[in-house]
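Accompanying notes for the structure given below.
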Amino acid sequence: MNVGYYCEMQIYLVGGAVRDEQLDIPHSERDWCVVGATPDEMLDLGYRQVGKDFPVFLHPETREEYALARKERKTAPGYHGFTFDFSPDVSIEEDLLRRDLTINAMAKDGDGKLIDPSGGRKDIKERQLRHVSEAFSEDPVRILRVAKFAARLHYQGFQIAPETLQLMRRMVADGEVNALVPDRVWKETEEALRGRNLRVYFEVLRECGALAVLFPEVDALFGVPQPEQWHPEIDTGVHLLMVLDQAEKISNDLDVRFAALTHDLGKGTTPRHHLPGHAGHETRGLALIRQVSERLRVPKACRDLALIVSEFHTHCHRALELRAKTLLKVLERTDAFRRPERFEQFLLTCEADARGRLGLEQRRYPQADYLRGAFAAATAVDAGAIAKDHTNGKIPKAIRRARLTALREFRRSAAAVEEDEH
């Protein structure tokens, strides 16, 4: 590929690769910014255009993304309310000035020289997440991105600059967050849920007021009391954050972490005169989970596990007390026989819930192994042999009777083992 013909074209490494290099964080993806070129010139050089709103091109060999330098102007509320200028005379400095945070507004030229018009390197040293300019307030997605970076870089001691947090609060008050499209809210939230220190993401959203707009069902949990006997932390919102901590330790699974986030939504609707008790919160949460999932277009797998956890997590906590018939009900209603991998996700989320309590973070959770044992006993029933001895109409009932018998035997055996141990 011959770029020499286009002598005015300059290519810069930008964004996360430059930031992570300054932080000594390994990175595999690189983004590039092209100054002094037109879309037609990029196509002539063999790049393939993929951007819709503005020209982004894939390198013909490396497949890395190359975007034309651009300026932008706010024309309407929300994420899509912009017009773009990507003419060849837009400079790299002008392109960097439209970016969100100073640590993301650095570039490197072909000689390795750092271009840093907003003081990103200084903010990296001082561990500050600071907005580049007042133009930050024109794009509400940036609130989600700051929350995500605050979580991702929390382990390195990064904090949101006070003036940036104040600007985020003003954006929420001005209604900019209301214009966010659901797909983008979920995309940023999904990335946060898959990352580290995920509780920080929701803490930041709450601190600037965006949680009440984007996740009102979650925000409603803060300040709601629970019985101190079971929840020494008392506040339901605090409990939720502790459960997220435990879910992060236990599993990298997105479904598990989303279920942890939504497992207690029903407690936000408990009538005041019933507090601090929350009878029936398990089923009250189901409509709220469906509401959140439909509004944000949450993947079906996330939603379905969240529904199961909400309805049956207290059954899991009381597993050692359950009769054989109730054990079988839990296995059937969680669809354990057809979806054993999801049943395991259910147990992991319940374990995170049990440990997400003040002073109880390290306690054992034998209920999960007990239910694993019950499931193993029920699945040991030879359904094929039963089917040979019964007509079609009686097969399901016969299998269910055999599983109940197996579960009764399992309970007796488990009780005998426990008695021997004591």
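The values are calculated or read from the model by the stated rules, or taken from the named source; none is laboratory data. Bear in mind the structure is a predicted one, so any value in this text is a computation, not a measurement. Because the Cβ atoms are built from the backbone with ideal geometry, glycine has one as well, and the counts that use them run over all protein chains shown.
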*Is it the case that some residue within segment 324-338 is at positive phi and either of a type outside the set (S, T, N, Q) or outside the structural domain of THR405 (by TED's automatic domain parsing) (or both)?*
yes
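Conditions (1) at pLDDT 90 or above; (2) in a helix (DSSP H, G or I); (3) within 30 Å of the chain's Cα centre (by Cα); (4) aliphatic (A, V, I, L, M), marked per residue:
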{"residue": "ILE25", "(1), (2), (3), (4)": "yes, no, yes, yes"}
{"residue": "CYS33", "(1), (2), (3), (4)": "yes, no, yes, no"}
{"residue": "ALA37", "(1), (2), (3), (4)": "yes, no, no, yes"}
{"residue": "GLU41", "(1), (2), (3), (4)": "yes, yes, no, no"}
{"residue": "GLY51", "(1), (2), (3), (4)": "no, no, yes, no"}
{"residue": "PHE54", "(1), (2), (3), (4)": "no, no, yes, no"}
{"residue": "PHE57", "(1), (2), (3), (4)": "yes, no, yes, no"}
{"residue": "GLU72", "(1), (2), (3), (4)": "no, no, yes, no"}
*Count, please, the residues in segment 360-398 that happen to be under 30 Å from CYS350 (Cβ atoms) and either modelled with pLDDT of 90 or more or of a type in the set (D, E, K, R) (or both).*
24
_Scan segment 108-123 and tell me whether some residue there is surrounded by 20 or more Cβ atoms within 10 Å (Cβ to Cβ), within 21 Å of LEU198 (Cα to Cα) and in contact (Cβ under 8 Å) with a residue 24 or more places away in the chain._
no
*Can you tell me which residues in segment 20-31 are in contact with a strand residue (DSSP E or B) (Cβ under 9 Å, 6 or more places away or on another chain) and surrounded by 13 or more Cβ atoms within 10 Å (Cβ to Cβ)?*
GLU21, GLN22, ARG30, ASP31
*Quick check, is ARG142 closer than 28 Å to ALA212 by Cα, surrounded by fewer than 20 Cβ atoms within 10 Å (Cβ to Cβ), of a type outside the set (A, V, I, L, M) and at pLDDT 95 or above?*
no
*For segment 194-300, which fully contained helices (runs of 4 or more DSSP H) count at least 2 residues that are surrounded by 23 or more Cβ atoms within 10 Å (Cβ to Cβ)?*
198-208, 210-214, 236-250, 254-262, 281-296
*Which number in (1) free of Cβ contacts under 8 Å to residues at least 60 places away in the same chain; (2) over 17 Å from the mean Cα position of the chain (by Cα) marks the one condition that GLY175 misses?*
(1)
_Within segment 302-418, helices (runs of 4 or more DSSP H) holding 2 or more residues that are farther than 30 Å from GLY237 by Cα_ = 324-333, 366-379, 383-388
*Matching residues in segment 275-317 - criterion: being over 28 Å from GLN367 (Cα atoms) and of a type outside the set (A, V, I, L, M, F, W, C)*: GLN291, SER293, GLU294, ARG295, ARG297, PRO299
